[in-house]
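The values are calculated or read from the model by the stated rules, or taken from the named source; none is laboratory data. Just so it is clear, the model here is predicted, and its values are computed rather than measured. All Cβ positions, even for glycine, are placed from backbone atoms using ideal geometry, and neighbour counts span all protein chains on display. Heavy atoms of the whole protein, side chains included, go into the accessibility calculation; ligands, DNA and RNA do not. Shrake-Rupley method; radii C 1.70, N 1.55, O 1.52, S 1.80 Å.
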Amino acid sequence: MYRKVDYELHQDFKRWTELIDRAAHAENEVEREKPALQAAALEEKWSCTAAEFWRMMCDLHERRCENIDLMRARARAEMRTDIDDPRSRPCA
C-alpha cells in the first residue's frame, strides 16, 4: 500500500475508534447518533477500498479490547481474593 494511503488508513482507523468510544459512552441517543454515523461512514469507506487491511485492524482492535477486559477481570478477582483471604490480614 502506498505510504499516503497507509497513513490515511491509520489516521481514519484512529478516528473510527475514537468515534466508536464516544458513541458507546454517550449519555443519550442524540449524542450517540452523530459519532456512530461518522464511524459507519469511515468503516464503509475503507471496507470498499482496503477491506482486508481494515478487517485486520478491526480484529487487532477487538483482541486488544478483549485483553484489556480480561486483565481488568483478573485484577478485580485478585483484589477480591486479597480482601477475602484471611492470610492477607495482619496477625493480631
Notebook entry, point to check: For the range 11-27, how many residues are within 18 Å of Ala41 (Cα to Cα) and without any contact (Cβ under 8 Å) to a residue 24 or more places away in the chain?
Noted result: 9
Check: In the range 16-41, which residues are of a type outside the set (A, V, I, L, M, F, W, C) and surrounded by 14 or more Cβ atoms within 10 Å (Cβ to Cβ)?
Finding: Thr17, Arg22, Arg32, Pro35, Gln38
Next item on the list: Kindly list, by first and then second residue, each pair from a residue in the range 62-80 that is open to solvent by less than 90 Å² (accessible area, probe 1.4 Å) to a residue that is of a type outside the set (Phe, Trp, Tyr), limited to pairs with Cβ atoms under 9 Å and residues at least 6 apart or on different chains.
Entry: none
Item checked: Top-ranked residue of the range 40-86 - restricted to ones that are farther than 19 Å from Leu9 by Cα and among the small types (Gly, Ala, Ser), ranked as modelled with the lowest pLDDT -> Ala77
Next item on the list: For the range 43-57, name all the residues that are open to solvent by less than 60 Å² (accessible area, probe 1.4 Å) and either among the hydroxyl-bearing types (Ser, Thr, Tyr) or free of Cβ contacts under 8 Å to residues at least 24 places away in the same chain (or both).
Entry: Ser47, Ala51
